[in-house]
Amino acid sequence: MAISPFPDHPAETGPRPATTAARGSAVRLESVVKRFGDVAAVAGIDLDVANGEFFSMLGPSGSGKTTTLRMIAGFELPTSGRILLEGEDVSNKAPFERDVNTVFQDYALFPHMNVGENVAYGLVIRKVPSAERRERVADALRMVRLEGFDKRRPSQLSGGQRQRVALARALVNRPRVLLLDEPLGALDLKLREEMQIELKAIQHAVGITFIYVTHDQEEALTMSDRIAVFNLGRIEQVGSPAEVYERPATEFVAGFVGTSNLLRGEIAERVFGTAGTFTVRPEKIRMAEPGATVAADEIGVDGQIREVVYLGSDTRYHVALGAGSELVVTQQNLVTSSMEALAAEGRPTRLIWKRIHSLPISS
Amino acid sequence: MTSRSSSLPPEGIRRRSLAALYRHVPAQLLILLAPPVGWFGVVYLGSLAILLLSAFWYLNPVTSAVVHDFSLNNFRDLIEDPVNRVIIQRTVTIALAVTATDMLLAFPIAWFMARVASPRVRSLLFMGVLLPLWSNYLVRVFAWRIILAKGGPLDGLLGLAGLQGPGFSDVSTWLVFSYLWLPYMILPIYAGFERIPGSLFEASADLGGRGATTFRRVVLPLVLPAVAAGSIFTFSLTLGDYITPTLVAKNQFLGNVIYVNQGVANNVPFAATFAIVPIGIMAIYLLIARRLGAFDAL
């Protein structure tokens, strides 16, 4: 969990985090372990996802996030531990016995059925009367903005449209929890950004708990109420996007969510006066002339600009601090031109940031 | 520039003609396809045309020489003789029975190979399926002759239960054909299962489908084309075969009749007429199979 050395600064933690107890738990994992042979894909996870929450599981590939999702869906059974769905133990139940639905990474639309039949599949199996079925399928397709597509085949749709059909097919069953396994992974950037906004709006409209697996930290930060950061089969940190970003609990989280800007060893001692590992986000740092005054609530450190990367709206500066240490600083190009930015290479500078923005982390 | 051009082959007639050919796609296709198309057109379609043509010829009743003249007598004989109808009916029934049997046997095997077995077990099973095809067809049928013979192994085994083996009969024909053509059913169905993405099974279960529902609504429609493709082999191979019935059956089958007329009775025109029967049946069968999408799976 996030170590909070500056509890007098709650503004940094963002608007949430509502306690799960108040809203009731949708999904609860208790010391869940999943082994494949000798490999522990999931090495003991405890998690509590609240009702109606947009919850993201973020991590690199092989971190156990997808396996965790598949265990909630029932495609994999846990080696040990318990999985509770609204308080009911479903650890060893089959997928068709669980009131959850999944949006698959490859969409998994049935190629021999048209869009309407795909969406109606779950309702047909549940023997929903045909009049109600038609209405619900039409509603679901309207929600994903695909009305009138019923008779098309999945092969006649674009990737984004298939994605929407998969979403409609899952949501039409009104599950307690919707599981999404990197659903936007196969889409191009523009479409992905559109779908992020749309997914969030749909989740808001239906009020169903979403559990969203992604390796894209920006996606997780944009959409989630809370994020669990996975690494090597364990959860490194759970928190709101602001908490995870502003107060990374571990070195891994600091590096995976955003740019890793670590100060440790000799440099940490020089700057902070104590040993340990500290992190500061690149956009929190201000670049000033050498010898500029540092206020009482600020930290200043001198260095030399080693490299300048022009990114359009921002410029990224790599500043060497000596003793092999380096900090990345991003500055918005408010008045700076690219020429000015690039000309800064090699110059000495003083980096200044607010004391509250550099946090000690456990490594 | 000089260093670049030096990496090309020297300018000459060979290079220029190859470059011209590279630009001229129809000429490429002509060179590539002329031999197989020529073979197919002359040898295969040509002989088929002669077969169809000779079906309308007839034998001179006195000299037994083939008269190259148009007549529908063969077709009248074929239809009017009740024995022929019985033979056609018997052959088609056995072909359908063999196809159905191989479907039932191949389905679980193909399923296991494609979706359950580890890669090691899968290659062992592949060996097992393909191995019989490495040995001579005649040898395998003769082996069945020994198995089925009176007092043979099958009789002995069934005798323990107080039963009697089928001997040489229609049942034994069905047994031997089912054995012979099983690999041709397993392989397409295996490929059909292989082509279904695993996530479809999960999606069906996720949406509430139990095993039987998933099988009926997702698996079966998706492998049906592959099953139809396999059935083309089992059905057509049974329809035309004359060696197996000769060796393990007492009754006559389509293939026997053609063989006997052509080779023994020397009535080639009537053999040709009879040969049109399986061609016609296969044409109907293929039309049905196409409707089921069998050719998408091949």
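The values are calculated or read from the model by the stated rules, or taken from the named source; none is laboratory data. Since the structure is predicted, the reported quantities are computational estimates derived from the model, not experimental observations. Note: ideal-geometry Cβ built from the backbone for every residue, glycine included; neighbour counts use all protein chains shown.
Structural remarks
- For the range B:148-165, residues that are of a type in the set (D, E, K, R) and loosely packed, with under 15 Cβ neighbours inside 10 Å total 1.
- Scanning the range A:49-72 finds no residues that are surrounded by fewer than 16 Cβ atoms within 10 Å (Cβ to Cβ) and within 14 Å of chain B (Cβ to nearest Cβ).
- Scanning the range A:142-159 for residues that are in a helix (DSSP H, G or I) and under 16 Å from A:Pro111 (Cα atoms) yields A:Pro154, A:Ser155, A:Gln156, A:Gly159.
- Residue within the range A:251-266 that is more than 30 Å from A:Leu342 (Cβ to Cβ) and modelled with pLDDT of 90 or more present: yes
- Matching entry among B:Phe177, B:Phe126, B:Phe168, B:Phe142 (being surrounded by 13 or more Cβ atoms within 10 Å (Cβ to Cβ), in contact with a helix residue (DSSP H, G or I) (Cβ under 8 Å, 6 or more places away or on another chain), among the aromatic types (Phe, Trp, Tyr) and not in a helix (DSSP H, G or I)): B:Phe168
- Scan of the range A:78-113 for residues that are on the phi > 0 side of the Ramachandran plot, more than 9 Å from chain B (Cβ to nearest Cβ) and in a loop (DSSP other than H, G, I, E, B), ordered by number: A:Glu86, A:Gly87
- Scanning the range A:32-53 for residues being assigned to a strand (DSSP E or B) and either among the acidic types (Asp, Glu) or outside the structural domain of A:Ser224 (by TED's automatic domain parsing) (or both) gives a total of 2.
- Of the residues examined, B:Ile284 is one that is part of a helix (DSSP H, G or I) and either closer than 30 Å to B:Leu220 by Cβ or outside the structural domain of B:Ile87 (by TED's automatic domain parsing) (or both).
- Unmet criterion (only one of (1) more than 14 Å from chain A (Cβ to nearest Cβ); (2) under 17 Å from B:Ala110 (Cβ atoms)) for B:Gly167: (2)
- Exclusive hit being touching a strand residue (DSSP E or B) at 6+ places or on another chain (Cβ under 6 Å) and not assigned by TED's automatic domain parsing to the domain that holds A:Ala341, set A:Ile305, A:Ile227: A:Ile227
- Residue in the range B:188-196 that is surrounded by fewer than 20 Cβ atoms within 10 Å (Cβ to Cβ), within 14 Å of chain A (Cβ to nearest Cβ) and either basic (Lys, Arg) or within 23 Å of A:Val103 (Cα to Cα) (or both) present: yes
- Reported count of residues in the range A:120-132, each being under 35 Å from the mean Cα position of the chain (by Cα) and either outside any helix (DSSP H, G or I) or more than 13 Å from chain B (Cβ to nearest Cβ) (or both), is 1.
- For the range B:202-220, residues that are more than 8 Å from every other protein chain (Cβ to nearest Cβ) and under 31 Å from the mean Cα position of the chain (by Cα) total 6.
- Yes/no for B:Ser199 being among the hydroxyl-bearing types (Ser, Thr, Tyr), in a helix (DSSP H, G or I) and crowded, with 19+ Cβ neighbours inside 10 Å: no
- The range A:321-363, subset more than 15 Å from A:Glu289 (Cα to Cα) and at pLDDT 90 or above, residue surrounded by the fewest Cβ atoms within 10 Å (Cβ to Cβ): A:Lys354
- Failed condition for A:Gly116, given (1) in contact with a strand residue (DSSP E or B) (Cβ under 6 Å, 6 or more places away or on another chain); (2) more than 10 Å from chain B (Cβ to nearest Cβ); (3) not in a loop (DSSP other than H, G, I, E, B): (1)
- Sole exception among (1) out of contact with any Gly (no Cβ under 6 Å at 6 or more places or on another chain); (2) in a helix (DSSP H, G or I) for A:Gly258, by number: (2)
- The range A:86-100 - residue that is over 22 Å from the mean Cα position of the chain (by Cα) and of a type in the set (A, V, I, L, M) and, of those, surrounded by the fewest Cβ atoms within 10 Å (Cβ to Cβ): A:Ala94
- Flag if B:Phe126 is under 30 Å from B:Leu163 (Cβ atoms) and at pLDDT below 95: no
- For the range A:280-296, the criterion of being under 17 Å from A:Ile267 (Cβ atoms) and in a strand (DSSP E or B) is met by no residue.
- Candidates A:Ser337, A:Ser325 - the one that is free of Cβ contacts under 8 Å to residues at least 24 places away in the same chain, over 25 Å from A:Thr222 (Cβ atoms) and hydroxyl-bearing (Ser, Thr, Tyr): A:Ser337
- Candidates A:Ser63, A:Ser56, filtered to the one that is in a loop (DSSP other than H, G, I, E, B), closer than 17 Å to A:Val253 by Cβ and hydroxyl-bearing (Ser, Thr, Tyr): A:Ser63
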